[in-house]
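Notes follow once the structure below has been shown.
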Amino acid sequence: ENWRRTAEENKFLFDLARQLTKQYKEKVLRENIRFVHLGRKDRLPADIVAELIDLEEKTKHIDDYIVGVAMDYGGHDELLRTMDKLKTDNLSPTTENIEKNLDTQNMPMPDLIIRTGGEFRLSGFMSWQAEYAELYFSKLYFPDFGPEQLKEAVADFSNRDRRFGGNSKGKN
């Protein structure tokens, strides 16, 4: 949906993506974190795609820590691309087959989704995966949302009663 922005805004976003990818690439490699790009690569600038693929390849063996970065991502688009894969591979649309073909196929389902920028909606982010994720909203924009804010979000999350559609622990 960000493609509806002006060319100037998209240039700014791509330049920011280049800067942040370069900035965090060494950190991801040094700290042994798997990097996963969520979204389409066919519409992004070639230099950014090359960096994303390189980082995914260099970290694909890591399972302890995973960071997923959504770029040219839309939840509905992801589901449509997944359905196209199932159709191409002649697979029925079961929960298992869908989850094996999402952008997050090699990641656990999210426990916590943090939405920055002062919005109180997911805007199509992880439509399938957000089913039982806890949501945290911050007025700060990324990249101003830093380590201290992350600690606050995790502390808030740790005090929640996660029921996954059932009753609270110990309650009937």
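The values are calculated or read from the model by the stated rules, or taken from the named source; none is laboratory data. From a predicted model like this one, the values you see are computed outputs, not experimental measurements. Glycine also receives a Cβ, built like all others from the backbone with ideal geometry; neighbour counts cover every protein chain displayed. Surface areas here come from the heavy atoms of the whole protein model, side chains and all, with no ligands, DNA or RNA. Shrake-Rupley method; radii C 1.70, N 1.55, O 1.52, S 1.80 Å.
A compact table of results
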{"read-out": "Restricting segment 88-128 to residues that are touching a helix residue (DSSP H, G or I) at 6+ places or on another chain (Cβ under 8 Å) and of a type in the set (Gly, Ala, Ser), the residue that is modelled with the highest pLDDT", "value": "Ser92"}
{"read-out": "Within segment 24-55, considering residues that are of a type in the set (Asp, Glu) and surrounded by fewer than 16 Cβ atoms within 10 Å (Cβ to Cβ), the one nearest to Glu1 (Cα to Cα)", "value": "Asp42"}
{"read-out": "Criterion violated by Thr59 - all others in (1) over 29 Å from Arg121 (Cα atoms); (2) hydroxyl-bearing (Ser, Thr, Tyr); (3) open to solvent by 40 Å² or more (accessible area, probe 1.4 Å) satisfied", "value": "(3)"}
{"read-out": "Scan of segment 65-83 for residues that are open to solvent by less than 50 Å² (accessible area, probe 1.4 Å), closer than 20 Å to Glu96 by Cβ and over 11 Å from the mean Cα position of the chain (by Cα), ordered by number", "value": "Glu78, Leu79, Thr82"}
{"read-out": "Filter pass, Ala17 being modelled with pLDDT of 95 or more and either over 25 Å from Tyr141 (Cβ atoms) or out of contact with any strand residue (DSSP E or B) (no Cβ under 6 Å at 6 or more places or on another chain) (or both)", "value": "no"}
{"read-out": "Residues that are within 25 Å of Asp63 (Cα to Cα) and either without any contact (Cβ under 8 Å) to a residue 24 or more places away in the chain or not in a loop (DSSP other than H, G, I, E, B) (or both), drawn from segment 153-166", "value": "Ala153, Val154, Ala155, Phe157, Ser158"}
{"read-out": "Options Lys25, Lys60, Lys41, Lys87: the member that is more than 18 Å from the chain's Cα centre (by Cα) and charged (D, E, K, R)", "value": "Lys87"}
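Each row is one residue, and each column tells you yes or no for (1) in contact with an Asp or Glu (Cβ under 9 Å, 6 or more places away or on another chain); (2) surrounded by 12 or more Cβ atoms within 10 Å (Cβ to Cβ); (3) closer than 23 Å to Tyr65 by Cβ; (4) free of Cβ contacts under 8 Å to residues at least 40 places away in the same chain.
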site: Asn101; (1), (2), (3), (4): yes, yes, no, yes
site: Leu112; (1), (2), (3), (4): yes, yes, yes, no
site: Phe120; (1), (2), (3), (4): no, no, no, yes
site: Met126; (1), (2), (3), (4): yes, yes, yes, no
site: Ala133; (1), (2), (3), (4): yes, yes, yes, yes
site: Lys151; (1), (2), (3), (4): no, no, yes, yes
